[in-house]
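Presented below is the structure to which this report refers.
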Amino acid sequence: MPYDDDEEPPPPKPGPARPVPPVWLTKVHNSEAPLAANDQKVLLELHGVPSAASRAPLDLVAVIDVSGSMEGARLDNAKKALTFVVRKLTDIDRLCVVQFNHAAARLGGLRRVTEAARAELESLVGGLQADGGTNIEAGLGVGVAVLAERRFAAGRAANVMLLSDGEENNGNARRVEPGDVPVHTFGFGSGHDSRLLGDVAGKSLGGVYNFVPDSDDPAQLAKAFSRILAGLVTIVAQDLELTVTPVPGEATIKKVDAGTYPADPVGDGSSPVTVRFGTLSSEEARSVVVELALSDRTGSRPYRATVAEALYRFTTAQGQQVAAHPEPITMRRGGRKAAADAMAVPPPPPAVVTEEIRQQHAFTIKEAMAKAEEKKMEEASRILNEALKKLVEARKKLLDPILEELYKELMKLLEFFATYELYNEHGRHYAIAAKSSHDRRRSTEKGDDDAGPYDTKRVKEYRRQVEMAGERAPPSAAEDEIEEMESAVAVPADRNGERRTLALALRLLTAVLSLLAFSVMASARTTGWAGDYYGRYEPYRGVSKVLAYLLMSASSAAASRHHLWVSRFGKDSFNDKINVAVWFSFLAFLALSANALISTVNLFSRI
């Protein structure tokens, strides 16, 4: 049956008069490279803006398993979690519920989540009943079709949430082609097929797998939903992609590491490589490590080379397609550091090394799982222990906090991989969720209720709201956005106050240091210059005092003249006072300069 009966959404909200770019690019690489042929690694990161005030409207399809095994607490908890989802959506969002057991049924079309519709949707969710077998393929197929056949799609972020607690006994969900729609899967209890749900999420563009262990606490499932939902209602860019183009004659591309996000084949290295990320939410980041092979330039003089260019494109919340200006990746070939040893290749910067460790961490989990599936638990533990030793050494040199998160995760993996029974009950689910999180660089639920390395502020806030759900109803996404904007306005005000306090302190410090410099010079008394009792230094003392009075504007000049006179006439205690006065005046000058910078920041913060 056709699914083109989706409700017409409200017209898009106009963008701000002075829009802030929702995405920006950072580049990390060595500033210098030898003239000889060598390889260089470049870290490219795309970041989402901290505020989601201008976010994409959401079209969400919740695909829910209502087979017989869901009867009881699991379905009750799923209903409560979906009620939390309904509460969080606003009238710019649309929701469709698809239920499945041995067959699938759509419970209405994509509907706007208005105040009037919210009560009806909650009633619809509350009426779900468990019965029959499990055909995930049927449910997922209907969910993807609802989004594929909708009439109103421009600028709207399409996503699927798939919830199931068991092994599929009808159909094969791996056969469903989700296209560019992210499918976020949730596996309930230790008996579900996490490999299947992990594959389904991994096949989609940006989808992640989440493990929700059995629990009598309804907040457990709501917390799991909150991780994904916090990202869905803060999407600031869609159709995000990054293209790296080598400069002919300067470099070729050897390798591009982007996790499991799809990328063009590198080929001979001379062609551009594009990585597709799909959606990007507020405060999220996407990382790519590009390995470049720099050409041999040993016959050239040192020069600044543009070895490649990075260009990113995306669709805004208003449905506009944006292409950023190409950003050059430049290095000085044969610079001072490289000239010291023409053949030495400098090591990658710490941020590049950290990103490689993060990507290798996901590969380590995959390797350990392969051994565990063969019930070779000792070999699996050996792989994890070797990775742990390398990580411990890396933590001694690198200060990135994500390394601490990776360390904690490896320790937990070692615990779950101790025996095959533990692995089969919890370890496999935990490992697949952890790998999914690192592959996508997104927050996922691993079943341990711990904070994750990719948790954004909105994720943390939603989890806090779930914990307080018994005390008060959670606010809607619109109320969250208002609170976020109020906080954004309040923070600069607080910072301005802090800057005013600091500026006042610096002014007082300037006055004190200037007074000390003046007092030290004014109090200078001596009878001669290095044993000269014939008054030869008296004219100099007068000149020095004049210089002392002008130290605030000419401390460097005073210091140079003082050094000249000491070289000619010798040194006594009077010189020591001159040195002290010069230093006091110089510190006063620094304090005054800092105060001027603060004034400049305050000025531009008001423009």
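The values are calculated or read from the model by the stated rules, or taken from the named source; none is laboratory data. Computed from a predicted structure; not experimentally measured. Cβ atoms come from the backbone with ideal geometry, glycine included; neighbour counts cover every protein chain shown. Areas reflect the complete protein model, heavy atoms only, side chains present, ligands, DNA and RNA absent. Shrake-Rupley method; radii C 1.70, N 1.55, O 1.52, S 1.80 Å.
Here are the numbers:
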{"item": "Hits in the range 214-232 (condition: surrounded by 18 or more Cβ atoms within 10 Å (Cβ to Cβ) and either farther than 29 Å from residue 366 by Cβ or in contact with a Pro (Cβ under 6 Å, 6 or more places away or on another chain) (or both))", "result": "218, 219, 222"}
{"item": "In the range 27-47, residue most open to solvent (accessible area, probe 1.4 Å) [restricted to those that are part of a strand (DSSP E or B) and either modelled with pLDDT under 95 or more than 28 Å from residue 280 (Cβ to Cβ) (or both)]", "result": "39"}
{"item": "Only listed residue being in contact with a Lys or Arg (Cβ under 9 Å, 6 or more places away or on another chain), farther than 28 Å from residue 247 by Cα and either touching a residue at least 12 places away in the same chain (Cβ under 8 Å) or part of a loop (DSSP other than H, G, I, E, B) (or both), chosen from 78, 52", "result": "52"}
{"item": "Wholly within the range 198-258, strands (runs of 3 or more DSSP E) carrying at least 1 residues that are under 29 Å from residue 289 (Cα atoms) and more than 25 Å from the chain's Cα centre (by Cα)", "result": "235-246, 251-257"}
{"item": "Count of the range 233-245 residues which are open to solvent by 10 Å² or more (accessible area, probe 1.4 Å) and over 30 Å from residue 266 (Cα atoms)", "result": "0"}
{"item": "Subset tally (residues that are touching a Phe, Trp or Tyr at 6+ places or on another chain (Cβ under 9 Å) and either over 30 Å from residue 22 (Cβ atoms) or free of Cβ contacts under 8 Å to residues at least 24 places away in the same chain (or both)) for the range 200-217", "result": "4"}
{"item": "Selection from the range 133-155 of residues that are surrounded by fewer than 18 Cβ atoms within 10 Å (Cβ to Cβ) and closer than 16 Å to residue 104 by Cα", "result": "133"}
{"item": "Qualifying positions in the range 106-127 - crowded, with 18+ Cβ neighbours inside 10 Å and not in a helix (DSSP H, G or I)", "result": "106, 110, 111, 112, 113"}
{"item": "Test result for residue 208, outside the structural domain of residue 157 (by the TED database) and open to solvent by less than 10 Å² (accessible area, probe 1.4 Å)", "result": "no"}
{"item": "Near pairs, Cβ below 8 angstrom, 6+ apart or cross-chain, from the range 97-125 (farther than 17 Å from residue 160 by Cα) to any residue that is acidic (Asp, Glu) and open to solvent by 40 Å² or more (accessible area, probe 1.4 Å)", "result": "101/131; 114/91; 115/91"}
{"item": "Candidates 255, 203, filtered to the one that is of a type in the set (Lys, Arg), open to solvent by 10 Å² or more (accessible area, probe 1.4 Å), over 23 Å from residue 88 (Cβ atoms) and assigned by the TED database to the domain that holds residue 298", "result": "255"}
{"item": "Test: residue in the range 188-199 that is more than 27 Å from residue 370 (Cα to Cα) and surrounded by 24 or more Cβ atoms within 10 Å (Cβ to Cβ)", "result": "no"}
{"item": "Of all residues making up the range 87-105, the number that are surrounded by 24 or more Cβ atoms within 10 Å (Cβ to Cβ) and of a type in the set (D, E, K, R)", "result": "3"}
{"item": "Set 101, 135, 77: member being polar (S, T, N, Q), touching a helix residue (DSSP H, G or I) at 6+ places or on another chain (Cβ under 6 Å) and not assigned by the TED database to the domain that holds residue 457", "result": "77"}
